[in-house]
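The values are calculated or read from the model by the stated rules, or taken from the named source; none is laboratory data. On a predicted model such as this, the values are computed, not experimentally measured, just so you know. No Cβ is skipped: glycine too gets one built from the backbone with ideal geometry, and neighbour counts run over all protein chains shown.
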Amino acid sequence: MAIVPMKRLELYGLKRERKAILEFLQLRGVVEVHTPKEADTLFSRTDTSQASLEFEQNVQIPEQAVKLLDEYAPVKTSMFASLEGRPPVSQKEYDNLWKKAPALLGKGREIIDLGKRIADDSAQILRLEAQLESLKPWLSLDIPLDSKGTAHSRIFAGTLPEDLDEPALKNRLAQLLPKIPGVEVEVLSHQPQQTCLFCLCHKQDAAPVEEALRSLGFTYPAFSSDLPPAQQAEQIKQEIHQLDQDREDAKKDIISRANQRRELLLAADYYHVRAEKYRILGGLWQSPHVFFLTGYLPAEDAPQLLSDLENRFTLSAEVVDPDPEEDVPVKLKNGFFTAPMESVVAGYSLPGKNEIDPSSVMALLYYILFGLMLSDAAYGLLIVLGCGLALLKFPNMERSLRKSLRMFFFCGISTTVWGVLFGSYFGDAIPVIARTFFNTEITIPALWFTPLDDPMRLLLFSFALGIVHLFTGLGVQFYQLARRKKYADALYDVVFWYLLVGGLIVLLLSTEMFVTMVNLPFRIPGIVGTVAGILAGVGAVGIVCTAGRESRNPFKRLLKGLYGLYNVSGYLSDILSYSRLLALGLATGVIATVFNQMGSMLGGGVLGAIFFTVVFLIGHTMNLAINVLGAYVHTNRLQYVEFFGKFYEGGGRAYEPFAAHTRHFQIKEEK
């Protein structure tokens, strides 16, 4: 239960040192800068939006350049690239970036210009190829398309909107021009919905010939040239070849710059960090000579930070306790075993005021519940090996991902333990393989019992585990109330419910009917059941009398008390919801058994072994994936709904320190 105590930093410094102080705080990364909305009239803010925007634009330049490098000179990545995390960069190398960053921007612009050159060449090639395609119907014409004729002749070259061969076209013109001799027409090409033609006539007959052609839908070509189509096409081909060569040269130039990828990404991180610094700078209140800064930081970091600030800069700084009404950020700090639960807690909501961090309380029960839902030793070992190897092999893995894998590592251990207790190793794969391929019987007996043979026992155990889970949540609520010295509330809201629910459970276990119905191996003595019933009655009376205690009207108080007592049905619903432990645990084993039986349908032999192997690999991979997801989702649900519902509201705000939030590299401080 580790919520890091927070302090508020109040710092006054010389204006000329504000950038250096901000850079120092950013590299330390422990202060969440909080800018007051109002300040003394002597102070004002500096507009840094333009500078911040300029730095953000500078971030885009190297990142766009790297995208081009990735396109034309891709780096081979493994299937585990997402686990590798950001590569480290030393603090010294990062500090020296201010000398190299402007030059790196220039290199990035050069790569971007090469990319634009490639894009322009490609667009021009597409345009020319389209033009070349449109010239194909005219290639048999040996004069330019825009030729108009000679001193005594008139030429028409164009298209008709239908498919006509030469005889059909001549017949049409003969009908339209019966009194005009000497009209020569040639169909250069024809295809559905288009006929390309060449027509020659005497100059004095040009007007009626053109009118006749227009009546057939004649149009001139959309393009023209002083060269015949065949020569024009050859010229276009040469131009395409030159553009293609230029494009290839630009690609080769980009590929030759692949070794600049790392430095460009470093420059992007550098300008991203500077942009963040200038956003903070724009929020500071400043006078002509002084500025002030406030923020929150962990109490454990405060002494060293104050000492370093006072040794490096001329300033006045102190650390004070935040006021109770302040919206203080929340930072969780847990050990190796419990830290993975922080992401689960954050998925619901961080602790609010007067609440504890539930990570430590929920960790053990979370792992137990997850393992019980999956409950196969082989699956558990696969999870343990996979997560363990990933954690060892990838030291630069992102912290959040490392915590998640560590959580599944512990869940895998729990799954393995439950699998051994229930005798499940890929379901019943061991006896099926032994019987099918070796004609023998080999089994690994369960250390406790086999759920498929005795599901009622697993159901009762699931309910018992659920009761422990719920009562643990009530215990946390008791602790929170007692810590705030609300002892009466702890009695009313926790102890009375312990008496009521616990008493009813013990009373139920003392009845012969219930014990016989569920086949329990024990029965609580009747006298104990009687005492439990009395305590349950005391708890019920206490709840009725105190659940509506905030109301001054006795009638309303009684009604609210009765409604509060009705919430005992909610406890029954919560306990019954733990039957999902049985359902998911059985589902894993049943599905695994089905796949084993399917794989053994062809019996022994080579063909049977091949078939079994294929079915085994595909089936158990699917079963593992589906049931891991199911166990994760339902374990979270039991935490969020049943467990957190007893003591936890959340509403805390995450601690987000002003730091060097890089995208591509991790800055490693040198010791």
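Quickly run through the range 480-496 and pick out the residues that are part of a helix (DSSP H, G or I) and more than 41 Å from the chain's Cα centre (by Cα).
Tyr487, Ala488, Asp489, Leu491, Tyr492, Val495, Phe496
A quick yes/no check of all residues on (1) touching a Leu at 6+ places or on another chain (Cβ under 8 Å); (2) hydroxyl-bearing (Ser, Thr, Tyr):
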position: Gly539; (1), (2): yes, no
position: Ala547; (1), (2): yes, no
position: Lys556; (1), (2): no, no
position: Leu559; (1), (2): no, no
position: Tyr578; (1), (2): yes, yes
position: Ala587; (1), (2): no, no
position: Ile591; (1), (2): no, no
position: Val606; (1), (2): no, no
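Given the condition surrounded by 24 or more Cβ atoms within 10 Å (Cβ to Cβ) and on the phi > 0 side of the Ramachandran plot, answer yes or no: does some residue in the range 375-398 qualify?
Checked the range 375-398: at least one residue is surrounded by 24 or more Cβ atoms within 10 Å (Cβ to Cβ) and on the phi > 0 side of the Ramachandran plot.
Does any residue in the range 425-438 that is in contact (Cβ under 8 Å) with a residue 40 or more places away in the chain come within less than 6 Å, Cβ to Cβ, of a residue that is hydroxyl-bearing (Ser, Thr, Tyr) six or more places away or on a different chain, and which pairs are these?
Here the result reads Gly427/Thr593; Asp428/Thr593; Val432/Ser600; Thr436/Ser600, each pair linking the range 425-438 to a residue that is hydroxyl-bearing (Ser, Thr, Tyr).
Please identify the pairs in which a residue from the range 378-390 that is in contact (Cβ under 8 Å) with a residue 40 or more places away in the chain and under 9 Å from Gly412 (Cα atoms) has its Cβ atom under 6 Å from the Cβ atom of a residue that is in a helix (DSSP H, G or I) and of a type in the set (Gly, Ala, Ser), counting only partners at least 6 apart or on another chain.
Ile383/Gly412
Could you tell me whether the range 479-487 includes any residue that is touching a helix residue (DSSP H, G or I) at 6+ places or on another chain (Cβ under 7 Å), closer than 21 Å to Val641 by Cα and crowded, with 19+ Cβ neighbours inside 10 Å?
Within the range 479-487, one or more residues are touching a helix residue (DSSP H, G or I) at 6+ places or on another chain (Cβ under 7 Å), closer than 21 Å to Val641 by Cα and crowded, with 19+ Cβ neighbours inside 10 Å.
Of the residues Met456, Met397, only one is among the hydrophobic types (A, V, I, L, M, F, W, C), assigned to a helix (DSSP H, G or I) and modelled with pLDDT under 95; which?
Met456
Condition first: closer than 13 Å to Leu173 by Cβ and of a type in the set (Val, Ile, Thr). Now tell me which residues in the range 188-239 satisfy that.
Once the filter is applied, which keeps residues that are closer than 13 Å to Leu173 by Cβ and of a type in the set (Val, Ile, Thr), the range 188-239 yields Thr195, Val209.
Return yes or no: is Val187 part of a helix (DSSP H, G or I), touching a Cys at 6+ places or on another chain (Cβ under 9 Å) and surrounded by 15 or more Cβ atoms within 10 Å (Cβ to Cβ)?
Answer is no for this residue.
Being in a helix (DSSP H, G or I), over 36 Å from the mean Cα position of the chain (by Cα) and of a type in the set (Ser, Thr, Tyr) narrows it down to one residue among Thr436, Thr416, Thr440; which is it?
Thr436
I'd like the full set of residues that are assigned to a helix (DSSP H, G or I) and touching a residue at least 12 places away in the same chain (Cβ under 8 Å), limited to the range 243-258.
Leu243, Asp244, Asp246, Arg247, Ala250, Lys251, Asp253, Ile254, Ile255, Ala258, listed by residue number.
Among the residues of the range 591-623, which ones are among the small types (Gly, Ala, Ser) and outside any helix (DSSP H, G or I)?
Passing the criteria: Ser600, Gly603, Gly604.
Can you tell me which of Val319, Val361 is assigned to a helix (DSSP H, G or I) and β-branched (Val, Ile, Thr)?
That would be Val361, the only listed residue that is assigned to a helix (DSSP H, G or I) and β-branched (Val, Ile, Thr).
Taking the criterion of being surrounded by fewer than 18 Cβ atoms within 10 Å (Cβ to Cβ), touching a Lys or Arg at 6+ places or on another chain (Cβ under 8 Å) and not in a helix (DSSP H, G or I), would at least one residue in the range 197-211 satisfy it?
Yes: the range 197-211 contains one or more residues that are surrounded by fewer than 18 Cβ atoms within 10 Å (Cβ to Cβ), touching a Lys or Arg at 6+ places or on another chain (Cβ under 8 Å) and not in a helix (DSSP H, G or I).
Tally time: how many residues in the range 136-169 are surrounded by 14 or more Cβ atoms within 10 Å (Cβ to Cβ) and of a type in the set (Lys, Arg)?
Number satisfying all stated conditions: 1.
Would you point out the residue of the range 643-671, among those that are surrounded by fewer than 20 Cβ atoms within 10 Å (Cβ to Cβ), among the basic types (Lys, Arg) and farther than 14 Å from Glu93 by Cα, that is modelled with the lowest pLDDT?
Lys671
Here are some residues: Ile442, Ile413. Which one is closer than 16 Å to Tyr366 by Cβ, out of contact with any strand residue (DSSP E or B) (no Cβ under 8 Å at 6 or more places or on another chain) and among the aliphatic types (A, V, I, L, M)?
Every option except Ile413 fails the conditions.
So Lys92 passes all but one of these: (1) farther than 30 Å from Gly386 by Cα; (2) free of Cβ contacts under 8 Å to residues at least 60 places away in the same chain. Which condition number does it fail?
(2)
Just checking: which of the helices (runs of 4 or more DSSP H) contained wholly in the range 1-101 hold 3 or more residues that are in contact with a helix residue (DSSP H, G or I) (Cβ under 9 Å, 6 or more places away or on another chain) and within 24 Å of Ala317 (Cβ to Cβ)?
18-28
For residues in the range 225-269 being among the small types (Gly, Ala, Ser) and out of contact with any Gly (no Cβ under 9 Å at 6 or more places or on another chain), which is surrounded by the fewest Cβ atoms within 10 Å (Cβ to Cβ)?
Once the filter is applied, the top-ranked residue is Ser256.
Name every residue in the range 404-442 that is under 26 Å from Gly605 (Cα atoms), buried (at least 23 other Cβ atoms within 10 Å of the Cβ) and of a type in the set (Phe, Trp, Tyr), in order of residue number.
Of everything in the range 404-442, just one residue is under 26 Å from Gly605 (Cα atoms), buried (at least 23 other Cβ atoms within 10 Å of the Cβ) and of a type in the set (Phe, Trp, Tyr), namely Phe426.
Which pairs turn up if I take residues in the range 76-88 that are exposed (fewer than 12 other Cβ atoms within 10 Å of the Cβ) and look for partners that are acidic (Asp, Glu) and part of a loop (DSSP other than H, G, I, E, B) with beta carbon separation below 8 Å, at least 6 apart in sequence or on another chain?
Filtered contacts from the range 76-88: no entries.
Suppose the filter is touching a Leu at 6+ places or on another chain (Cβ under 8 Å), β-branched (Val, Ile, Thr) and within 18 Å of Glu656 (Cα to Cα); does Val345 pass it?
Yes, satisfied.
Quick one: how many residues across the range 297-326 are closer than 27 Å to Gly652 by Cα, surrounded by fewer than 12 Cβ atoms within 10 Å (Cβ to Cβ) and touching a strand residue (DSSP E or B) at 6+ places or on another chain (Cβ under 9 Å)?
Residues meeting the conditions: 3.
Quick check on my filter: what residues within the range 89-126 are surrounded by fewer than 15 Cβ atoms within 10 Å (Cβ to Cβ) and aromatic (Phe, Trp, Tyr)?
Trp98
Taking Val628 as the residue in question, decide whether it is closer than 30 Å to Asp327 by Cβ and either touching a residue at least 60 places away in the same chain (Cβ under 8 Å) or basic (Lys, Arg) (or both).
No, not satisfied.
Pairs under 7 Å by beta carbon, first residue charged (D, E, K, R) in the range 322-344, partner in a helix (DSSP H, G or I), six or more apart or different chains?
Glu342/Ser359; Glu342/Lys403
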